[in-house]
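Asker: One structure is given below, represented as structure tokens, and several questions about it will come after.
Laboratory data are not the source of any read-out in this text; all were calculated from the coordinates shown. Fair warning: this is a prediction, and the values are worked out from it, not measured in the lab. Here the Cβ is made from the backbone with ideal geometry for all residues, glycine too, and neighbour counts use every protein chain on show.
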Amino acid sequence: MGGRQECYLLSIFPVIFIHPLTKILTLLLFPRERLSKHYIYLLQRIQQIASRQYCNTAIVIIDNANRRIDKWAAYAFNNYLYRTEDGNRLDCILEVPIFADSEMTMGIQLADLVAGLLRQYYRHGLHRSGDAWDDDLYFKKLREYHDIIASRSPNFGTMYGLYVAPDDFLSRYYR
């Protein structure tokens, strides 16, 4: 073998909506030309990690779910980076995201895996419960994987790497 192996720095920045309708309502109610708040949170964290690692350029790759939604997301992404003061400060991020199928991109596959693990962790209420279900291997593993994900989600001051959206997320950010 003896070939060169690539090493990747991995940071994970999940935005978690505990109420199942929050993300759907956010996407339906929020104007398409504006970037949704959870994407803004993600971009802020990408900027921080890129700056910390002395990286001049960060490429954002988004799961290619729906061509129409992708078009709106790219437009909103570009609007935010070019037309807002906060977006202009994110100078390490390329202006247009890349939309890729998870089947073709290892990073998107990993993001899908992380999203599934976190979805199960919060769906089962493991973020609230103490020692209930400690005997069940499934729940032990969910807690173990959650802790690994949390350890890869660095905080930047008041910007939490693993952000759990509050119950009033919609009313607070989308008036």
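Asker: Set the Förster distance to 30 Å, then compute FRET efficiency between residue 136 and residue 159 from the Cβ-Cβ distance, nearest 0.05.
Answerer: Rounded to the nearest 0.05, the efficiency is 0.35.
Asker: Please give the FRET efficiency for residue 147 paired with residue 59, using the beta carbon to beta carbon distance and R0 = 25 Å, rounded to the nearest 0.05.
Answerer: Numbers: r = 28 Å, r/R0 = 1.14.
With a Förster radius of 25 Å, E is 0.30.
Asker: In what sequence do 126, 162 fall when counting other Cβ within 10 Å, fewest first?
Answerer: With the sparsest Cβ surroundings first, the list reads 126, 162.
Asker: Report, ordered by chain and residue number, the aspartates and glutamates lying within cross-link reach of residue 71, taken as a straight Cα distance under 18 Å and ignoring same-chain residues fewer than 8 apart.
Answerer: List returned: 33, 63, 95, 101.
Asker: Kindly put 55, 92 in sequence by how many other C-beta atoms sit within 10 Å of each C-beta, fewest to most. Write down the numbers at each step before the final one.
Answerer: Working: 55 13, 92 18.
With the fewest neighbours first, 55, 92 line up as 55, 92.
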